[in-house]
Protein chains: 2
Amino acid sequence: MTPTDPGPESTRPPPTRRRPGGRTARVRTQVLDAVLAELGEHGYDGLTMDAVAARSGVHRTTVYRRWVDVGGLLADVLDAASDDDWQPPDTGSLEGDLAALNLEIQTALTAQPPIVAALIAASFRSEKAFHAQQRLWEDRYARCEIVVGRAVRRGELSPHTDARRLLIVATAPLYHQLVLLRTSPDPHLPGHAARTAALAAAAGAFAESPSAGHT
Amino acid sequence: MTPTDPGPESTRPPPTRRRPGGRTARVRTQVLDAVLAELGEHGYDGLTMDAVAARSGVHRTTVYRRWVDVGGLLADVLDAASDDDWQPPDTGSLEGDLAALNLEIQTALTAQPPIVAALIAASFRSEKAFHAQQRLWEDRYARCEIVVGRAVRRGELSPHTDARRLLIVATAPLYHQLVLLRTSPDPHLPGHAARTAALAAAAGAFAESPSAGHT
């Protein structure tokens, strides 16, 4: 069963984390940074194992052995992206939290170079990248549960709120407009979508029957 | 300016229309039917000009001259899809209309073979296919304006309702779950998303200030 509360946000450019660590960790950082740079400059179609190896300064034999193919590189970039301490914004209200979250999503989806958009596009090309993108989204939606939990504690929402549905409704319009329809970014959209979800929530749109529970 | 009301639904498998017509129209039908069949069987990666020509029985020189490349074939399939008389369902209520529309979308996005899903995926591969997919979505959202118009006439909605935003909110969760997150289809989702949009609309989420108007 999925967590009570969802949380979107697959959105910030995946920070390849610089851990204190040995040579293996350094090699990973060098390679993943090179993937991001190549992806930003050339997109999926221009991404090759050899270019990544050359840019990273890591021997191509190592790159092939450890990541196998471009899908493996992209999957590891996406997996590395959830290896951070990101938390959703805490603004003091449900609508405020959702609007701040949506603003982060819109910023990430419209950033230049379009790393996040390119990673989502790559998930239509590579099964490995797709599964890693799914894991990242699941991680982000799970972390966002706290937004709904806080609203419940403030008395803004019923404890029997389907948090995942609420978070999907709040964030889906951003992805729909920016990833699928690819309309020009609307500066009002993050706030509008947040307000819509908050109004629907107040009207009971995400209420679950108490017996269904969330556990 | 975009139309007042939006309308989703890019969703049914594009019917290549069988017009009474001359040889040119027949050739188009044969070729586009072959594109759909090849796409359904092999996906974008298996779609080639030569396979389409062979399957359609149309000479490959003609196929290359008229459609140029795979992107050209996909774009024409998508353009042909709006050459129909599709109208959104009329159930007598806003929520009912949105739920019926969402059910059509969910059915199309989960159909086997996955033609509609493959066309959306192709829009991340080919600029021509992407622009044609945009035109098709625009056509479908425009036709759905009538759903909001009818709700206004029934007194369910204010005449100052931003129909496009309402339709995006109602339909985006379907695309988000089925195209991006690719979760298992939830039979309740079409109705839930419709109800959420209708509740938000009743709470004034899509109200525009009268002065902003819609002309």
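The values are calculated or read from the model by the stated rules, or taken from the named source; none is laboratory data. Note that the structure is predicted; figures quoted are calculated from it, not measured. Cβ coordinates were reconstructed from backbone atoms using ideal geometry, including for glycine residues, and neighbour counts include every protein chain displayed. The accessibility values were calculated without ligands, DNA or RNA, using every heavy atom of the protein model including side chains. Shrake-Rupley method; radii C 1.70, N 1.55, O 1.52, S 1.80 Å.
Screening residue A:153 on (1) touching a residue at least 24 places away in the same chain (Cβ under 8 Å); (2) charged (D, E, K, R); (3) within 22 Å of residue A:203 (Cα to Cα) shows it passes everything except condition (1). The single condition among (1) surrounded by fewer than 20 Cβ atoms within 10 Å (Cβ to Cβ); (2) more than 14 Å from chain B (Cβ to nearest Cβ); (3) more than 26 Å from residue B:45 (Cβ to Cβ) that residue A:64 does not satisfy is (3). Residue count for region A:28-55, restricted to those that are part of a helix (DSSP H, G or I) and open to solvent by 10 Å² or more (accessible area, probe 1.4 Å): 18.
Of all residues in region B:16-27, those satisfying the criterion of being at pLDDT below 95 and either in a helix (DSSP H, G or I) or open to solvent by less than 50 Å² (accessible area, probe 1.4 Å) (or both) are B:16, B:21, B:22, B:23, B:24, B:25, B:26. Considering (1) of a type in the set (D, E, K, R); (2) loosely packed, with under 14 Cβ neighbours inside 10 Å; (3) more than 23 Å from the chain's Cα centre (by Cα), the lone condition that residue A:85 does not fulfil carries the number (3).
With respect to the conditions (1) at pLDDT 95 or above; (2) in a loop (DSSP other than H, G, I, E, B), residue A:113 lacks only one, and its number is (1). For region B:103-119, the candidate set comprises residues that are in contact with a Phe, Trp or Tyr (Cβ under 8 Å, 6 or more places away or on another chain) and closer than 26 Å to residue A:118 by Cβ; within that set, the residue that is farthest from the other protein chains (Cβ to nearest Cβ) is B:109.
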